[in-house]
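S.K.: One structure is given below, represented as structure tokens, and several questions about it will come after.
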Amino acid sequence: MNDKNFAEKSLFDMLDENKKIPFHMPGHKRNGAVFPTLAKLGAYCDITEIDGFDNLHNAVGILKDSMRLASKVWGSLQSFYLVNGSTCGIISAIFSCVPFGGRVICARNCHKSVYNALKMRGAKAEFINPKYDSKTGICGEISTEDVKKACENFDGASLVIITSPTYEGVISDVGAICETAHKFNVPVLVDEAHGAHLSFGNFAKSAVHCGADIVVQSLHKTLASLTQTAILHVCSPRVDTEKLHENLAVFQTSSPSYLFMASIDLLVRTLCEKKDEIFYEWQKRLDDFYKKTANLKNLEILTEKYNFCFEFDKSKIVILTHKTNISGAKLMKILRDEYNIECEMCSAKYVVAMTGMGDSDENMQKFADAILEIDKTLKPHNNSEISIYPQKFESVMTAFDAEKYDERETDFKTAENEISAEYVFAYPPGIPIIIPGEKISAEIIKITEIYNENGIELFGTKGGNGEKIHIIC
């Protein structure tokens, strides 16, 4: 490595070379001869905080060096490795910025981890609805003007929270949103879980470089790191890093996986050494795919021409079925069963295929060919516009206060005007269509029926599947 402050050996190299007799955790003792199945999972690199391997919660050695290098790679003031996914970073950030019972301005299409944090914090939220495209069923950008109105009308807010990019690759004007919020002295947290690749190559600019105060990214979603690895970037002095460090120690495991941390360290080193080459090849594959599928007859590929987003992350391939005779769920099943292609998620009128650093030319070619073949078998269909995201929410109480009441289970279809005692969402993407303390409207009941009709599974936090719901007595 060229950086003088960074260890020459990677954490993986150190783990690989570690030959000390292990009278410490974990109990498998890296003994692949006795536990060959664990050896296949990389158990020989599975250790604990022994001498020379640093401590994530009090990093002074190789992990500290690695996080410093990550901060340089992404351009943040300080970066923290996360081994409990973006979820723990989002919760820690909210706990660090919002006092108990405080106020936040929050995009309504945020991930469930945001809602869990607000509930635990007893926070009161002023929700902002994203733009919504009823033709495709996709939530668009968060309006800067709506953020301005919320800051004016919701005095004393401690934080603005948005998701950009979304699961579908929709990017909001983060720069303008941050500039607006900062005029009211409100910091901004951006859930950029799906955008760890942004600002590299020719992809759109990351929130890290758009004025956000805290940015949380999932490294495993598009980059080459193990599932559950993520990173939190502090990008301004508005963030109390001591309080943040304290909360990360609360919401992250006290036994962080060295397999996870080694994969992050290797990713950071790879980005230092080969990012230009990797991102050039990645974007070439994407350009070839979009060019090859540009003249579809029935299916359609989402691009920036749709005006419900400020910018579009083209690493997300969103295949629209809204002009055809099949649903998104049906298309996803055809790709899986007939072409051996597993996509990331589906909704009523689209499928999301996620690309990443590890895609091959061959697989991208097979995917394009499959889309072209399927397109020829479909018929045009004039579908009616669809609402699968509620346009109105009536909050009766906070989710924190909702827990104070008794509850009972009832049929969702007969729950109109009742107050929900639980979250209900499709996962992915994990955006609640109802949260505890909100009144259940006829619109929300209709939306659950549309999900069920289109084969989209719903989940309730009380164990239901969208047919039953717990309500406040």
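S.K.: If I compute volume of the Cα convex hull per residue in Å³ from the structure I just sent, which labelled value in [x] 222; [y] 160; [z] 132 lines up?
M.R.: [y]
S.K.: Once amide H atoms are built 1.01 Å from N in the peptide plane, which residues 5 or more positions from THR324, or in another chain, come under 5 Å H to H?
M.R.: Placed amide hydrogens put HIS381 under 5 Å from THR324.
S.K.: Are there trypsin sites (Lys or Arg not before Pro) in segment 372-415 that DSSP marks as loop and that have at most 10 other Cβ atoms within 10 Å, and which are they?
M.R.: LYS392, LYS404
S.K.: Here's another thing I want to ask about it. Return a whole-number percent for the relative contact order of segment 55-272, with Cα pairs under 8 Å and 6 or more residues apart as the contact set.
M.R.: Reported as a whole number, the value is 25 percent.
S.K.: Please report the relative contact order for segment 402-472, taking Cα pairs under 8 Å with a sequence separation of at least 6, and give it as a percent rounded to a whole number. Working shown, then result.
M.R.: Values: 132 pairs, mean separation 31.5, N = 71.
Relative contact order of segment 402-472: 44 percent.
S.K.: Which residues' amide hydrogens lie under 5 Å from the amide hydrogen of GLN78, considering only partners 5 or more residues apart or on another chain, with H built in the peptide plane?
M.R.: When sequence neighbours closer than 5 places are left aside, the close amide H contacts are VAL234.
S.K.: Divide the volume of the convex hull of the Cα atoms of segment 1-53 by its number of residues and quote the answer in cubic angstrom per residue.
M.R.: Given the Cα convex hull of segment 1-53, per-residue volume reads 88 Å³.
S.K.: Return the calculated 222 nm mean residue ellipticity for the chain, to the nearest 500 deg cm²/dmol, obtained by summing -39500 (n - 2.57) across DSSP H runs with n ≥ 4 and dividing by the residue count.
M.R.: After summing the helix terms and dividing by the residues of the chain, the value is -10500 deg cm²/dmol.
S.K.: Students often forget the sequence filter, so: which aspartates and glutamates lie under 13 Å Cα-Cα from LYS112 once same-chain residues fewer than 8 apart are removed?
M.R.: ASP191, GLU422
S.K.: Return the long-range amide H neighbours of SER206 (sequence gap of 5 or more, or a different chain), with a cut-off of under 5 Å between placed amide H atoms.
M.R.: Distant-sequence amide H within range of SER206: SER199.
S.K.: Let me ask you something else. Compute the Kirkwood hydrodynamic radius of segment 55-272, taking the inverse of the mean of 1/r over all pairs of distinct Cα atoms, and give it in Å to one decimal.
M.R.: 17.3
S.K.: Among all the lysines, which ones have a C-alpha under 20 Å from LYS330's C-alpha, if same-chain residues fewer than 8 places away are not counted?
M.R.: The reachable lysines, counting only those whose Cα sits under 20 Å from LYS330, are LYS135, LYS297, LYS316, LYS349, LYS366, LYS376, LYS379.
S.K.: On to the next question. Please give every one of the lysines within straight-line cross-link reach of LYS119, meaning a C-alpha to C-alpha distance under 16 Å, and leave out same-chain neighbours fewer than 8 residues apart.
M.R.: Hits, sequence-local ones excluded: LYS404, LYS462.
S.K.: With label points built 7 Å along Cα→Cβ from the Cα atoms of LYS20 and LEU372, find their separation and express it in nm.
M.R.: 5.7
S.K.: Let me ask another. Taking a quarter of the surface of the Cα convex hull of segment 186-343, what do you get in nm²? Don't jump to the answer; show the numbers that get you there.
M.R.: Values: hull surface 50.1 nm².
Average projection, Cα convex hull of segment 186-343: 12.5 nm².
S.K.: Loop-only check: which trypsin sites (Lys or Arg not before Pro) in segment 46-113 are DSSP coil with at most 11 other Cβ within 10 angstrom?
M.R.: none
S.K.: Please label the shape of segment 402-472 as rounded, prolate or oblate, based on the square roots a ≥ b ≥ c of the eigenvalues of the alpha-carbon gyration tensor (a/c under 1.5 means rounded; beyond that, a/b larger than b/c means prolate, else oblate).
M.R.: Prolate, since a/c reaches 1.5 and a/b exceeds b/c.
S.K.: If you take the Cα Rg of segment 22-87 and divide it by 2.2 N^0.38 Å, with N the number of residues, what do you get?
M.R.: Normalised Cα radius of gyration, segment 22-87: 1.40.
S.K.: Pairs of alpha-carbon atoms within less than 8 angstrom and 6+ residues apart define the contacts here; what relative contact order does the chain have, in percent?
M.R.: After rounding, I find 14 percent.
S.K.: Binned at 5 Å from 0, what are the whole-percent values of the Cα-Cα distance distribution for segment 169-264, short to long?
M.R.: 3, 12, 20, 22, 19, 14, 7, 3, 0
S.K.: Also, quick follow-up: So which chymotrypsin sites (Phe, Trp or Tyr not before Pro) in segment 366-416 end up in coil per DSSP with only 13 or fewer other C-beta atoms within 10 Å? Walk me through the numbers before you get to the answer.
M.R.: Working: sites: PHE367, PHE393, PHE400, TYR405, PHE412; in loops: PHE393, TYR405.
For chymotrypsin sites (Phe, Trp or Tyr not before Pro) across segment 366-416 that sit outside H, G, I, E and B with at most 13 neighbouring Cβ atoms in 10 Å, the list is empty.
No lab work stands behind these numbers, since they all come straight from the coordinates. All values derive from a computational prediction rather than experimental measurement. Cβ atoms come from the backbone with ideal geometry, glycine included; neighbour counts cover every protein chain shown.
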